[in-house]
1. Given a Förster radius of 30 Å and the C-beta distance between residue A:132 and residue B:287 as r, what FRET efficiency does 1/(1 + (r/R0)^6) yield to the nearest 0.05?
2. Taking the Cα atoms only, what angle lies between the long axis of helix A:160-180 and the longest principal axis of chain A, rounded to 10 degrees?
3. Which residues among the stretch A:54-84 fall inside the zone where the amide N is under 19 Å from a point 7 Å beyond the Cα of residue A:30, along Cα→Cβ?
4. Note the full-extension length gain between residue B:132 and residue B:36 as 0.36 nm times their separation in residues minus their Cα-Cα distance, in nm to one decimal.
5. Express the relative contact order of the stretch B:182-280 as a whole percentage, based on alpha carbon pairs under 8 Å and six or more residues apart in sequence.
6. What's the exposure ranking of A:103, A:253, going from fewest to most Cβ atoms within 10 Å?
7. Under the rule of -39500 (n - 2.57) per DSSP H run of 4 or more residues, summed and divided by the residues of chain B, what mean residue ellipticity at 222 nm is obtained, to the nearest 500 deg cm²/dmol?
8. Under a plain spin-label model, where a point goes 7 Å from the Cα along Cα-to-Cβ, how far apart in nm are residue A:264 and residue B:116?
C-alpha cells in the first residue's frame, strides 16, 4: 500500500494492558535493563500466547485509529531494549552489574563478561507475526548499539568502542534478518545518544554505521529525552542530532511536542525523513486534531512535507490505553487536516 | 445488510491463558466451574474483557458482518445466565441425564425462579462499545434451562419453563435496550426432547418473546461436535418454530449433511445456515462453503440466508476457527457475486 503524504506511525511501543503486565510496578521503576519477569501477570507457560494476543489488539488499535505504519506495540517487551540486550552471548544477566541511568540513578544492568555476540535471531518471530497480522506498512524497533553499551557494565572489553562495535555487529545481523522476515522499516532506538552526546560522537556514530553496514531496507533512528513518565525535565533542544545527517539511515525520529523543540534544527538533517513527534506524552489530555495540526505546521518551514512522518514524541508504553488510543486518533485527524491544506 | 451476511452462532475459542481448555472440552458445565479459569478472581473480569476484545477483532478481521462477544466470559453457553437466577441452588447441585446419556450436575430448583438482576447487560454494553458492526448476543432458552435443572419446586416442567421464560424475557428486553441488534435464544435441548418441546417448549419460547420488538433468533443443534459425535441427518424438532415469534432460526447443516428440504417448512424465517463443519479440523475451502450455501438456495431465497458455522466455535483451536471464519466469508462472497 503506497503511503500518503504525512503518513502516521507510532515510535514503537503502545500501551501494554494491565491484565498482561503490572503497569503500576512498571511505571514505578526505571525501565528494566536486565529481565523483570515478575512484572508479567500471566503464568510463564501461557505468556507467549498472551503476549501474541496483546500484540494483536495493539495492531488492531493502530489500524482502527488509522495509522499508516503499524508496529507490534512492543507488547512482548519489559522495556524497549532489554528483550534484545539480554538475549545476547557475553552478557550475564543473572549476576547483574550496575550503571547510572540517564537520570543519574544507579540501575541494575547486564554485566558484559565476554565477547558480545548474537546467539540467535531475537525479534524475527515478532516481525513474522506482525507481517502475518496486518497488510499495512510495518516497522519494528531494535535497541541501538551505543544505548545498549551504556546500559551495561563492561567487565570484559579494554576499549569501550570495541564493545559498541560488537553490539553493533549483533544488531546488524538482527536488522538483516528482520528485513528478510518482512519488515518494511527497522528503527534503531538510541536515546542515550542524546543523554551522552560527547560519548555518542566519540564512539556511538561508528557503532551506528557498523549496525547499518550492508543493510538495504529503510532504517530509522529514534533519539529522545527519555520517557515523559520517568524523565520529567526537558531541554528545548537536542545536544546530539545534526551529527546524524551523515549517517546511513533514511529517517530520524525526534520529539518536538513536549519539548516545544525549535524545529529550525531540522534544517541540519537535509537528507532525512523526519519522524516528527507531535503528541506530548506527559499530558494525559488528548490533543485536539487542531493542536496536532499546529505542531506539524511548525516543522513545515524547515522540512518539506514529503519528508515528514507524523508520530508521538516517544513510545506510548506508559499511557493508559484509552488515552493512547485517543491520542492516535487525534494524530491521524491532525495529519489529515494538514494534508488537506497542502493539497489545496 | 448485504446478501448472505456472515456471523458466528455465538462462541469463539477462548485463550489458554484465560481458561483450562483441555478440561473445558471434557464436559459442558451446567453449574458453575470457577476453577476452570486460569486467572486470579480479582483479575478475571479484566482478562475476560481482553479476550472478548480479541474475539471481536478476530471476527472483524475475518470480515464477519454480524459480530458476537464470542462468549469469552462463559464456562458454557447457558450457565452464566442459568446460575445467576433466584430459586436456583448451584452450591448443592442436582443431577440430570445429558444428551449423551450421562448423569451431570445441574442447578437444583428449590424456589420460584426469578431474575435477580441483568446478567449479560454489561457484556452487551462492552460489545456495543467496541465495534461498529451489527451485534448479536446469545442467551440460553427457557426450555433448555429447564431441562438442565433438577426440579424440586414446581408442579410441572411447564410451570418451571414459564418462569425461566419470564426471567429471560426481562433479560432480552434489557439486552435490546443496551444496544443489541439481534438476540439469539439457544435451545439445543428442544432437538433432544422434541415431544416436551412441542408440549410446552414453544409456549415458553413465546413467553420469553412477549412484548419483544427487536430481531430474535433461535439456535437448534445436535450438540457440540467436540462432545456429541453421532449426528442424525434430520431434525426431530424444527418446523414447529415456524409458528414462533422468532424471526431467525439457526441450524446446523454441514456436519450432519442435513437434508435442506426441511427449510421449506420455515417459509417466514431467516435461516442462519450452518456451513462450517466443526468436527473437521481442516479449514474448508471457500468453494466448499459456497457449495453448502448453494445447496440451501433451492429451498430458501437468498434474502433469507445468514451464513454461519454449525454451532459455537468454543472448542476449536483458535487458528482453525479464524481460518474457518475467513473461508466462510470468502465462500459467502463467491455466492453473493453470482447472485448479484
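Bear in mind that the values in this text are calculations on the coordinates, not laboratory data. Not measured: the values here are computed from a predicted model. Cβ sites come from the backbone with ideal geometry, for glycine too, and all protein chains shown count toward neighbours.
1. Efficiency, from the Cβ-Cβ distance: 0.80.
2. 60
3. Residues passing the 19 Å test: A:78-84.
4. 31.4 nm
5. It rounds to 29 percent for the stretch B:182-280.
6. By the 10 Å Cβ count, ascending: A:103, A:253.
7. -10000 deg cm²/dmol
8. Going by the 7 Å Cα→Cβ label model, 7.0 nm.
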